[in-house]
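Asks: Here you go, one structure.
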Amino acid sequence: MPADWRPRAVPDLPDGLILYDGVCVLCSGWVRFVIARDRAERWRFVPIQSPYGRDLALRLGIDPETPQTNAVVRDGVAYLKLDAGLAVLEAWPAWAWVRVLRLLPRPVRTWLYDRVARNRYRVFGRHETCGLPPPHLARRFLTRAP
């Protein structure tokens with residue numbers, strides 16, 4: 001597990017991947033939020049519970065059995081924890097204002113993210129299995145390496 005969860009170069013991974021906990025209701029809601037705003041269809045989604053998601057999680061230092069973060073690949077860099085969400089939101093002009101959150105020191109951002117992550121199942125719930133996307137979105141969900 002990375003000690004500081006800093007962004008790291010991943011030049012061999014496809015751009016626009018969002019690795020998420022597919023059984024987490026909050027995380028699935030985040031995916032729906034992104035889909036609703038991603039008119040350019042830049043983002044693709046990889047549930048940690050899939051073979052590809054498990055491989056990505058292990059590569060990024062995330063325990064696939066008890067994922068403590070999501071991850072986003074943007075412009076050859078993997079972002080984790082709150083930085084992952086910011087990497088997505090900052091890509092949209094209407095949400096560029098979230099950059100101000102980067103002024104918070106990384107330990108504070110990590111602490112905030114961890115408070116939500118540790119309680120997400122209890123507060124928001126958990127699905128028994130990772131849900132399947134509707135047919136018109138299926139191509140945006142990856143379960144195997146592209």
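The values are calculated or read from the model by the stated rules, or taken from the named source; none is laboratory data. In this text, all values refer to a predicted model and were calculated from it rather than measured experimentally. Glycine gets a Cβ as well: all are built from the backbone with ideal geometry, and neighbour counts include every protein chain shown.
Asks: Condition (residue is closer than 21 Å to ARG6 by Cβ, more than 16 Å from the chain's Cα centre (by Cα) and not charged (D, E, K, R)) applied to region 128-136: is it met by at least one residue?
Replies: No, that holds for no residue.
Asks: Follow-up. Being β-branched (Val, Ile, Thr), within 24 Å of VAL46 (Cβ to Cβ) and either out of contact with any strand residue (DSSP E or B) (no Cβ under 7 Å at 6 or more places or on another chain) or surrounded by fewer than 12 Cβ atoms within 10 Å (Cβ to Cβ) (or both) is the filter here, so list the residues in region 85-122 that pass it.
Replies: VAL98, THR110, VAL116
Asks: Here is a follow-up. Mind listing whichever residues of region 51-61 are of a type outside the set (Ser, Thr, Tyr) and in contact with a strand residue (DSSP E or B) (Cβ under 7 Å, 6 or more places away or on another chain)?
Replies: Of everything in region 51-61, those that are of a type outside the set (Ser, Thr, Tyr) and in contact with a strand residue (DSSP E or B) (Cβ under 7 Å, 6 or more places away or on another chain) turn out to be GLY53, LEU56, ALA57, LEU60.
Asks: Going by what's in this entry, would TYR52 be described as of a type in the set (Phe, Trp, Tyr) and assigned to a strand (DSSP E or B)?
Replies: So TYR52 fails the test.
Asks: Right, another one. Within region 103-113, does at least one residue satisfy the condition of being at positive phi and of a type outside the set (D, E, K, R)?
Replies: no
Asks: Going through region 39-82 one residue at a time, which ones are basic (Lys, Arg) and closer than 23 Å to LEU104 by Cα?
Replies: Answer for region 39-82, where residues must be basic (Lys, Arg) and closer than 23 Å to LEU104 by Cα: ARG74, LYS81.
Per-residue answers, yes or no, for (1) in contact with an Asp or Glu (Cβ under 9 Å, 6 or more places away or on another chain); (2) among the polar types (S, T, N, Q); (3) part of a helix (DSSP H, G or I); (4) modelled with pLDDT under 95:
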position	(1), (2), (3), (4)
ASP4	no, no, no, yes
GLY22	no, no, no, yes
SER28	yes, yes, yes, yes
PHE45	no, no, no, no
THR66	no, yes, no, yes
ALA78	no, no, no, no
ALA84	no, no, yes, no
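Asks: On to the next question. From the list ARG144, ARG120, ARG39, exactly one residue is without any contact (Cβ under 8 Å) to a residue 60 or more places away in the chain and either charged (D, E, K, R) or not in a helix (DSSP H, G or I) (or both). Which is it?
Replies: ARG39
Asks: Suppose the filter is assigned to a loop (DSSP other than H, G, I, E, B) and either at pLDDT below 95 or within 19 Å of CYS130 (Cα to Cα) (or both); does ILE62 pass it?
Replies: In short, yes.
Asks: Okay, next question. Can you pull out every residue in region 123-137 that is surrounded by 10 or more Cβ atoms within 10 Å (Cβ to Cβ) and part of a helix (DSSP H, G or I)?
Replies: Answer for region 123-137, where residues must be surrounded by 10 or more Cβ atoms within 10 Å (Cβ to Cβ) and part of a helix (DSSP H, G or I): VAL123, PHE124, LEU137.
Asks: Restricting to region 114-146, what's the tally of residues that are among the small types (Gly, Ala, Ser), modelled with pLDDT of 85 or more and within 18 Å of ARG32 (Cβ to Cβ)?
Replies: Within region 114-146, residues that are among the small types (Gly, Ala, Ser), modelled with pLDDT of 85 or more and within 18 Å of ARG32 (Cβ to Cβ) number 2.
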